[in-house]
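Readers should treat all values here as calculations from the given coordinates under stated rules, not as data from a laboratory. This structure is a prediction, so every number in the text was calculated from the model and none was measured. Glycine gets a Cβ as well: all are built from the backbone with ideal geometry, and neighbour counts include every protein chain shown.
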Amino acid sequence: MNPIFKHGPSPQHRLILVLFCSGLLIFFDHKANSFEFARGYLQSMVSPLQYLATAPKQMMNWAAENIVTRRQLIADNEQYKINELAFHEQALQLQIVQRENDRLRALLASPLRGDAKKMVAEILAVDSDPYTHQVVINRGANDGVYEGQAVIDDEGIVGQILHVGTTSSRVLLITDVTHAVPVRVSRNGVRLIASGVGVIDTLGHNHVPHSADIRVDDMLVTSGLGGKFPEGYPVAKVTSVLQDESRAFSQIQSQPVAKIDRLRYVLLLWPEQNNLQATKNIVLKPDEKAKNK
Amino acid sequence: MTIASRLIILLTFLVALMASIMPLPLSVDAFRPDWVLIVLLYWCLALPNRVNVISAGVMGFILDVLLGSTLGVHAAAMAISVYIVAGNFQKIRNFSIWQQALIVGVLSALYHLIVFWLQRFLTDAVFLPSYLYPVLTTIILWPWVFLLLRKIRRNFRIK
């Protein structure tokens, strides 16, 4: 090698080549969406790198979980027992209400609502790119994950599946600028669209008339209108309502109820199957799914 | 250029890619330095006939896939920043390490601005000053990465 005599094309030619290629990539990926299929393969190809990059964090978590005192474990355990008792009592109430609701729906000749299949997934990686709000989870096409699937945490809607790889997939969060969820106010049923604004703790609502009855602290739940998200899951809480008559619409902002910036485990939802054994459908590990079938 | 030295260069890139997607707390995350850009700039200064604009484009593409951004955005920004160094490597090599750090800071700012402009063009992103925080950490990091990679290069006699 000799740096004085350069070989191959000049830097200018290389730059033009790379810029031309990336221009084509940007056009076909953004405007024409031609990479939806290839993205799955690309995601599978880079997933070993993602598993490697999260290894130190996983080790820290493992250490934090294993190095706890006996007393703390007992205290946690007691707390969980009390929680379970409370939840169980609520579930009993819920069963009665659900049965009543089913009867009423049958009387009104509306379709019955079944229970959705669910699967627990762990967050593998959070993107460091400030322009997109996405996370990667450790479930992929092998577990039956599909594009556009609803993802929730213990508080509310988190987002939907964007690209599916074989063992990992990418979740688009509701706070991303390209994402929007159809919601309604749980108090009075006013319909809105909650769209991401690119800030982790804010959702925006465009085109809301001044006459709409929306107050601060109203809970927004999914309306199920888009067909992507099942109905009735909490999405956000209204934080500010600004009615400036000089503007065409009222300015409404809300805060997601899901802990978007502190996600660790999420729940994937499958569409309703009309069977009423809800608890049996929760899949904790992929191998348990086979047993349930 | 033996296979071993190729592998070592690839390994440094792999570590840089891992460092740029490693999960960090939200408060520190805004300050994450541009690991891939720093490593690319070092190899482009040291061996401009091995690592140059094409490698920058490929690394940018991999970063696009890893970050889930529109394919080609980081590739274009990375290629333009590295092109400036590839054209002036003989000048920049002779600067002192802190002068180099400032140049790397300017290139890193250019990289972030190109990414922002492309994102603005594609998805109406709004500019926040926090998008340029990585420039500071990149400037601070450059001397250390430079010394480390030079040690690696001399130790393994990568030419």
- request: Read phi for every residue in the range B:108-119 and hand back ³J(HN,Hα) as whole Hz from Karplus 6.51 cos²θ - 1.76 cosθ + 1.60, θ = phi - 60°, with x for Gly and Pro.
  value: 5, 5, 4, 4, 5, 5, 5, 4, 5, 4, 5, 5
- prompt: When only DSSP loop residues count, what trypsin sites (Lys or Arg not before Pro) in the range A:172-228 have their Cβ near at most 10 other Cβ atoms within 10 Å?
  reply: A:R215
- request: Can you figure out the FRET efficiency of A:A109 with A:T69, using R₀ = 51 Å and their beta-carbon distance, to the nearest 0.05?
  value: 0.30
task: Sort out the exposed loop GluC sites (Glu not before Pro) in chain A (DSSP loop, at most 15 other Cβ within 10 Å) and tell me the longest stretch that has none.
output: A:1-146
statement: Taking every residue of A:34-42, the Cβ atoms of other protein chains inside 10 Å of its Cβ average out to 2
message: Stokes-Einstein diffusion coefficient for chain A at 37 °C in a medium of 0.692 mPa s, Rh from the Kirkwood formula over Cα pairs: what value in µm²/s?
response: 147
message: Quick query: amide H of A:T167 versus all other amide H atoms, modeled in the peptide plane; which residues come in under 5 Å with a sequence gap of 5 or more or a different chain?
response: A:A141
Chain B: angle of helix B:35-46 to the longest principal axis, Cα-based, in degrees nearest 10: 30
query: Taking the Cα atoms of the range A:180-257 alone, what are Rg (to one decimal) and Dmax (as a whole number) in Å?
result: 11.6, 37
- line: Going through A:K81/A:K117; A:K31/A:K228; A:K31/A:K57; A:K118/A:K237 one by one, the pairs whose alpha carbons sit over 32 Å apart turn out to be A:K31/A:K57
- prompt: With helices defined as uninterrupted DSSP H runs, which ones in chain A have an alpha carbon span along their own long axis of at least 20 Å and mean Kyte-Doolittle hydropathy of at least 0.0?
  reply: A:11-26
task: Would you list, by chain and number, the aspartates and glutamates whose Cα falls below 16 Å from the Cα of B:K151, excluding same-chain residues fewer than 8 positions away?
output: none
statement: Across B:17-26, the residue-averaged tally of Cβ atoms belonging to other chains within 10 Å stands at 6
statement: Expected vector for the range A:186-191, Karplus 3J(HN,Hα) from phi with 6.51, -1.76, 1.60 and θ = phi - 60°, integer Hz, x for Gly and Pro, equals 5, 6, 9, x, 5, 8
- request: Tell me the label-point distance for the pair B:I3, A:F20, using the 7 Å Cα-to-Cβ offset, in nm and rounded to one decimal.
  value: 3.4
- prompt: Which residues' amide hydrogens lie under 5 Å from the amide hydrogen of B:D34, considering only partners 5 or more residues apart or on another chain, with H built in the peptide plane?
  reply: B:T138
